[in-house]
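Working notes, beginning with the structure itself.
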Amino acid sequence: MQILSGKEVAQNVYDTLTDEAKHFLENYGYAPTLAVVLVGEDPASQSYVAGKKKACLSLGFGHKDYHLPSDTSQQQLLDLIHQLNEDSSVHGILVQMPLPEGLNPEEVIRSIAVEKDVDGFHPQSVGNLLIGNPGFVSCTPKGVMEILDYYHIETAGKHAVIVGRSNIVGKPMASLLIQKGRDATVTICHSRTKDLPSITSQADILIAAMGRPHFITSDMVKDGVVVIDVGINRIEDASCKRGYRLVGDVDYEHVAPRCNAITPVPGGVGVMTIAMLMKNTMQAAKQFASKEVK
Ligand code: GUN
C-alpha cells in the first residue's frame, strides 16, 4: 500500500514555482500577483486567507489583501472586483467563500474577469473545462490530478467513482477525468444515490468528496483500489491541544489496508489546494505578460 503524500507533491510544485517566479521577475520586472478578498470575520476563512498570503510571500509572488467588513454591500464588493479587474498589477483574483449572508456569491464570481479567475469558479472557466478548452481549473480537483500524475497512477480505462457532486470538487473532478488523454470512465454518486456501496465497490479509483467524516468504510471498497480523500472534517478530540482533530471522508485506518494507494488526511489533497492556486496565479501572470509583449 502506497501513501500518496500531497505534502511531497506540493513541495515539488513549490520548488518549480519558486524558480519560475524568479525568472518571471527577471524577464518582466514584476512578480505574479494575487489579490485576495475576504469579507467578514469567519475564523476558518481568515486562516485560509492567511495560508494563501504565506504561500505568495514564500514564492516571491506579489500579494494584495482586501479585508472588508461583514456589512459590506453587494455593490461595494462588485466595485472592488471591478477595480481589481482593471488593475494591471493584479493577475489573479480570489474572493474567499463563503460570503456573509446577504451577499450573492454567484454574481460576485461572474463579475471576476475570466483571465484572472484563478479559483476556476467562473461559469466560463467551468464551461471551458467541460469542453476541454484551456482555462483555469478549480484548485482542489486540479490538485488531485497533480497527485495522480506525480505517482504515475493511470486513469485510462479505469472506473473512477466520485462521491460528491459539488461545483468546486465533484463536477470539475468528473470533467477532468473524462477528458481525452485521461480517459477514465466516471460515475458520480451523491446523497440520493441508491445502494452506494454497490457502486463504490466497483471503483478502481475512488474519490471521496462529500464532507462526511469517516463515511467510506472498508466494506465499501474493493481490494487494490486507489483512494483519494478530499474530505477535511473537524472532529472533537479532547486529547488534542486544539480540542479537535482533522479526519477525512474515508475511514483511513480500516480502508487503507485494502488499497493499492491512498491519500492521508491531513497531508493529502488538502495541502495541494493552495499549491494549485499558486500554479494558477503563475499561469494568469504568464498569460498577461504574453499579451502585453504582443
Ligand atoms: N473556500 C473554501 N475553499 C475555497 C476555495 O478554494 N476558494 C475560495 N475562493 N473560497 C474557498
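In the elastic network of the chain, a GNM with C-alpha springs shorter than 10 Å, the most mobile of Ile188, Ile235, Ile178 is Ile235. Largest GNM mean-square fluctuation across Val108, Val226, Val137, computed for the chain with C-alpha springs under 10 Å, falls on Val108. Helix-only arithmetic for the chain: the sum of -39500 (n - 2.57) across DSSP H runs with n ≥ 4, divided by the residue total, places the mean residue ellipticity at 222 nm at -13000 deg cm²/dmol. In this simple spin-label model, placing a label point 7 Å from the Cα along the Cα-to-Cβ direction at both Leu57 and Gln83 gives a separation of 2.3 nm.
FRET efficiency for Tyr151 and Glu106, Cβ-Cβ distance as r, R0 = 35 Å, nearest 0.05? Intermediate values should be presented prior to the final figure.
Working: r = 36 Å, r/R0 = 1.02.
The calculated FRET efficiency here is 0.45.
Shown in residue order for the range 186-202 are the 3J(HN,Hα) couplings computed by the Karplus curve 6.51 cos²θ - 1.76 cosθ + 1.60 at θ = phi - 60°: 10, 10, 9, 10, 7, 4, 9, 5, 7, 6, 3, x, 5, 8, 4, 6, 8 Hz (x for Gly and Pro).
How many lysine pairs are close in the range 22-156, with Cα atoms under 15 Å apart and the two 8 or more places apart or on different chains?
Working: Lys52/Lys64; Lys53/Lys64; Lys54/Lys64; Lys64/Lys116.
Eligible lysine pairs with Cα atoms under 15 Å apart amount to 4.
Working from label points 7 Å from Cα in the Cα-to-Cβ sense, the Ala289 to Glu8 distance is 3.1 nm.
Return the carbon/sulfur percentage of the accessible area of the chain, one whole number, probe 1.4 Å, all protein chains in place.
Values: 7370 of 14330 Å².
Roughly 51 percent, rounded to a whole number.
Ligands, DNA and RNA excluded, the heavy atoms of Lys171 present near 100 Å² of accessible surface to a 1.4 Å solvent probe. Here Lys291 is the anchor, and the aspartates and glutamates within straight C-alpha reach of less than 19 Å, apart from those fewer than 8 places off in the same chain, are Glu20, Glu26, Glu86, Asp87, Glu115, Asp117.
Would the range 235-294 count as rounded, prolate or oblate if I go by the C-alpha gyration tensor, calling it rounded below 1.5 in a/c and otherwise prolate when a/b exceeds b/c, oblate otherwise? Spell out each step's value before the answer.
Details: a/c = 6.71, a/b = 2.25, b/c = 2.99.
Oblate, since a/c reaches 1.5 and b/c is not below a/b.
Can you say what percent of the DSSP beta bridges in the range 1-112, counting only those with both residues inside, are antiparallel? Round to 5. Mind dumping the intermediate values first?
Working: 0 of 11 bridges.
Expressed as a percentage, antiparallel bridges in the range 1-112 total about 0.
Report, for the range 172-294, the % of DSSP beta bridges that are antiparallel, rounded to 5.
Values: 4 of 12 bridges.
Beta bridges within the range 172-294, antiparallel portion: roughly 35 percent.
The heavy atoms of Met1 offer some 120 square angstrom of accessible surface to a 1.4 angstrom probe.
Over the chain, average the accessible area per residue using a 1.4 Å probe and give it in Å², no decimals.
Numbers: 14330 Å² over 294 residues.
That works out to 49 Å² for each residue.
Peptides 72-78, 56-62, 160-166 ordered by packing proxy, namely the average of other Cβ atoms within 10 Å per residue, highest first: 160-166, 56-62, 72-78.
Under a straight-distance cross-link criterion of Cα-Cα below 17 Å, which lysines are reachable from Lys222, leaving out those fewer than 8 residues away in the same chain? Partners found: Lys158.
Classify the chain: rounded, prolate or oblate, from the alpha-carbon gyration tensor (a ≥ b ≥ c, eigenvalue square roots; a/c under 1.5 rounded; otherwise prolate if a/b is larger than b/c)?
On the way: a/c = 1.71, a/b = 1.49, b/c = 1.15.
Note, shape of the chain comes out prolate.
For the range 164-261, the gyration tensor built on C-alpha atoms gives a prolate shape. Its axis ratio a/c (a ≥ b ≥ c) is at least 1.5, and a/b is the larger of a/b and b/c.
The calculated FRET efficiency for the pair Ala50 and His190, based on their C-beta separation and a Förster distance of 30 Å, comes to about 0.40. Taking the chain as a Gaussian network, Cα atoms linked when under 10 Å apart, which of Thr16, Thr33, Thr140 shows the biggest mean-square fluctuation? Ranking Thr16, Thr33, Thr140 by mean-square fluctuation puts Thr16 first.
The values are calculated or read from the model by the stated rules, or taken from the named source; none is laboratory data. These numbers were taken from a predicted model, which means no experiment stands behind them. Cβ atoms come from the backbone with ideal geometry, glycine included; neighbour counts cover every protein chain shown. Each accessible area value is taken on the protein alone, full model and side chains, heavy atoms only, with ligands, DNA and RNA left out. Shrake-Rupley method; radii C 1.70, N 1.55, O 1.52, S 1.80 Å.
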